[in-house]
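In what follows, a structure is listed as structure tokens, so that the remarks can point back to it.
The values are calculated or read from the model by the stated rules, or taken from the named source; none is laboratory data. Source: prediction; values computed, not measured. Neighbour counts run over all protein chains shown; Cβ positions are idealised from the backbone, glycine included.
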There are 2 protein chains.
Amino acid sequence: MATNNKNYPYRLLTPGPVPLHPDVQKILAEPMIHHRTPQFERTLKNVNEKLKDVFSTRQPVFMHTSTGTGAMESAIVNTLSPGDEVLVVVSGKFGERWAEMTKRFGLTVTPLMVEWGHAVDPAAIEKHLTAHPKTRAVFTQVCETSTATVHPIREIARVVKKHDSTLLIVDAITAVGAMVIEMDDWGLDVVIGGSQKAFMLPTGLSFIALSEKAWSFSESARLPKFYWDLRAEKKSLEKGETHFSAAVSLIRALEVSLELLTGPDKMRTLRRIEKLAKATRAIAEALGLRVYSQAPSASVTALATPLEIDSQKLREHIEKEFNLTLMGGQDKLKGKILRIGHLGYITDDDMMATVEILYHALRDFRSPTLPENALMAALGVMRHELATV
Amino acid sequence: MATNNKNYPYRLLTPGPVPLHPDVQKILAEPMIHHRTPQFERTLKNVNEKLKDVFSTRQPVFMHTSTGTGAMESAIVNTLSPGDEVLVVVSGKFGERWAEMTKRFGLTVTPLMVEWGHAVDPAAIEKHLTAHPKTRAVFTQVCETSTATVHPIREIARVVKKHDSTLLIVDAITAVGAMVIEMDDWGLDVVIGGSQKAFMLPTGLSFIALSEKAWSFSESARLPKFYWDLRAEKKSLEKGETHFSAAVSLIRALEVSLELLTGPDKMRTLRRIEKLAKATRAIAEALGLRVYSQAPSASVTALATPLEIDSQKLREHIEKEFNLTLMGGQDKLKGKILRIGHLGYITDDDMMATVEILYHALRDFRSPTLPENALMAALGVMRHELATV
């Protein structure tokens, strides 16, 4: 092990949290201002407008001071009532979370089990809804982060839209801001995001928007709520305020990062994320790794390690010796995959260094599948991909 | 109006958010690290130990990524079940919030109405509990921020402690870290705090600790919960983790601010807050103002303005012309009080400037109760109080 992490600056390539943009870091360090001031009200208004652009919706996008899981809870309690029948797509850890949460809140839950690493088949959802017309909601992820897999959300929406009494509730935590999400046009009813993903902020804000159809569900939703009460938030928003104390620092930083996610920069940012994902898939072969997912996501890539290498140990070795945080796999994928994130302020240098580090770390583990010239080949592929417009 | 806010640096003296410590600002600007790293695990461990010191408890103190209201909701759903009888001390806006929240969650709520600006009489609580032995919980604030009033929490605890089947659930959001709170010794069952108060951080973290008695209540608590589930948090904490994504930046900043709230600095910090409160009360007379509360709190002071001056307009004038954010009154106190906060990184200069600004602003409103030499007198009082050990 010829390496020492003192030679490597810290790098963070995970599906969240993500490296902060320098302008975001700068504003986080500014002196505190109060949330009931004209200055902050202007920020709030600007942020609210730009969030609509990111979600592609005319509906208000609300911010909860919480992690993404908080917004998932908000989606449930704002639209449903105890005993409601729901269908939950379960294709990884975050699908399992939807299933566990909906059960906890007394809903009648049917899991739609999908093989890990595979996208859900919209026809399976259609079949279920036809057989169970009382279904009040379909829950899914856009990107199932645990397997780095993207579901065909537009096609799923096409199916659910036919059913007036069924909502499509979408965890887009690692998707919104990272890929095109057309909430209104596609007919997504509840869309959820999180600050520490494509929004390039620290953890602490979640986002949620409801379609008109979802708002009509909220009128009869009987699950108890106070902190997550979006009808109260809506009234406050109309007065230009947040309902509770605002997370001032994060919202001011959000105003900065939204510049990169909206308007003229929007498509450039999305293309950059796509490029990093494609480049990461492209280096896999040269390094003796395999792209795990059958429907790879743009926000995170899962690379399967050779059978003889425990990816968890590899991940720890990479962190300890090379000062780079990647993610491993969870549950049945523990020890089998490395997950590399593509969100946040990731430079070309970060990508080149990641290739170099992966090579050295795999060599440290004496990977027999890794030829001597693999580093040059992989670096070449990465440089080529990064240079591609 | 001879003033222009360009001559005045921005100052923030409210009951929260509060001015950040420079070291806190600095760490908030640092590059992101992941929450599943040895470095962050060390921070988490250190923070967890120090929080116990602040709360004076042997119990774990949990952090929710939320505002203080989130921890209030957590207190309810982790200890109680629908239909439970509870008593709620209502002596201002935050007491009203407890009453509204507990109702929302299907509890059977008896409000104990207390005149605004007055402390609750522990004997009234004792009387209620004797007459209603089935009461499962008493809810109160330590400091009712809307009226700047402190309740005799230790005496209340003495009363509630006699009842094995009754919890004392305490919103200490503007109290913990700002005054001595002996959770274990006094017998407080649930204690709640918030990051943007004495902890000198941005809004975004809340704190909650449960006594052994409260933990035993949690075993039979039937209100649905997922995001607030403290039994799940406890299991994660035993593994040195947070249950959901951690608010990394805030928790790293907390590690810094906790240095000032624990160990050798703890009493110095508390005395400083007390001094600022006492000094603010002391200048009232010279400025023709009156201390509103009959039991003034250390964390915030409410000054009643003369009848002919609308405190809301005065507050707006102070913000616009003098770049200083204070708070006004809410509901029946709207237009009648100014609230000045004593938490956070407040310098002597901030206090002297506040005196000067109050004088000029009151003169701008042509306060007939304000003699010409009031400024010199008030500045003298403030300087004297600040110099007092």
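Among the residues of region B:85-93, is any touching a Ser or Thr at 6+ places or on another chain (Cβ under 8 Å), in a helix (DSSP H, G or I) and away from every other protein chain (no Cβ under 14 Å)?
no
Could you list, in sequence order, the residues of region B:34-80 that are assigned to a loop (DSSP other than H, G, I, E, B), touching a residue at least 60 places away in the same chain (Cβ under 8 Å), within 13 Å of chain A (Cβ to nearest Cβ) and in contact with a Ser or Thr (Cβ under 7 Å, 6 or more places away or on another chain)?
Residues satisfying the conditions are B:His34, B:His35, B:Ser66, B:Thr67.
Looking for something touching a Cys at 6+ places or on another chain (Cβ under 9 Å), farther than 30 Å from A:Gly106 by Cα and in the same structural domain as B:Ala246 (by TED's automatic domain parsing) - is there at least one such residue anywhere in region B:177-198?
Within region B:177-198, one or more residues are touching a Cys at 6+ places or on another chain (Cβ under 9 Å), farther than 30 Å from A:Gly106 by Cα and in the same structural domain as B:Ala246 (by TED's automatic domain parsing).
Quick one: how many residues across region A:307-341 are over 20 Å from A:His118 (Cα atoms) and out of contact with any Leu (no Cβ under 6 Å at 6 or more places or on another chain)?
From region A:307-341, those over 20 Å from A:His118 (Cα atoms) are A:307-326; that's our starting set.
Still in the running and out of contact with any Leu (no Cβ under 6 Å at 6 or more places or on another chain): A:307-310, A:312-314, A:316-317, A:319-324.
Within region A:307-341, residues that are over 20 Å from A:His118 (Cα atoms) and out of contact with any Leu (no Cβ under 6 Å at 6 or more places or on another chain) number 15.
With (1) away from chain A (no Cβ under 12 Å); (2) within 26 Å of B:Asp84 (Cα to Cα) as the list, and B:Pro224 as the residue in question, which single condition is left unmet?
B:Pro224 satisfies all of (1) away from chain A (no Cβ under 12 Å); (2) within 26 Å of B:Asp84 (Cα to Cα) except (1).
Within region B:242-260, track down each residue that is surrounded by fewer than 22 Cβ atoms within 10 Å (Cβ to Cβ) and β-branched (Val, Ile, Thr).
Across region B:242-260, the qualifying residue is only B:Val256.
Would you please name the residue that is nearest to A:Glu319 (Cα to Cα), looking only at residues in region A:9-33 that are more than 7 Å from chain B (Cβ to nearest Cβ), in a helix (DSSP H, G or I) and hydrophobic (A, V, I, L, M, F, W, C)?
A:Val24
Name the helices (runs of 4 or more DSSP H) wholly inside region A:112-207 in which the number of residues that are surrounded by fewer than 22 Cβ atoms within 10 Å (Cβ to Cβ), at pLDDT below 95 and out of contact with any Phe, Trp or Tyr (no Cβ under 9 Å at 6 or more places or on another chain) is 2 or more. Spell out how you get there, then give the answer.
Values: elements: A:122-131, A:153-161, A:183-186.
Output list is empty.
Scan A:Glu212, A:Glu219, A:Glu255 and give me the residue that is more than 27 Å from A:Val160 (Cβ to Cβ) and more than 14 Å from chain B (Cβ to nearest Cβ).
A:Glu255
Report yes if some residue within region B:289-298 is assigned to a helix (DSSP H, G or I) and either within 24 Å of B:Leu205 (Cα to Cα) or modelled with pLDDT of 95 or more (or both); otherwise report no.
Within region B:289-298, not a single residue is assigned to a helix (DSSP H, G or I) and either within 24 Å of B:Leu205 (Cα to Cα) or modelled with pLDDT of 95 or more (or both).
For residues that are in a loop (DSSP other than H, G, I, E, B) and either of a type in the set (Ser, Thr, Tyr) or in contact with a strand residue (DSSP E or B) (Cβ under 6 Å, 6 or more places away or on another chain) (or both), tally how many sit in region B:299-335.
4
Which of the residues belonging to region B:62-76 are of a type outside the set (Ser, Thr, Tyr) and surrounded by 24 or more Cβ atoms within 10 Å (Cβ to Cβ)?
B:Met63, B:His64, B:Gly68, B:Gly70, B:Ala71, B:Met72, B:Glu73, B:Ala75, B:Ile76
If only one of A:Glu274, A:Glu255 is closer than 20 Å to B:Ala247 by Cβ and part of a helix (DSSP H, G or I), which one is it?
Only one candidate passes the filter, namely A:Glu255.
Across region A:232-252, which residue is farthest from A:Pro31 (Cα to Cα) among those that are facing another protein chain (nearest Cβ under 9 Å) and assigned to a helix (DSSP H, G or I)?
The residue in question is A:Leu250.
Taking region B:341-373 as the region of interest, how many residues are aliphatic (A, V, I, L, M), within 14 Å of chain A (Cβ to nearest Cβ) and surrounded by fewer than 24 Cβ atoms within 10 Å (Cβ to Cβ)?
Result for region B:341-373: 1.
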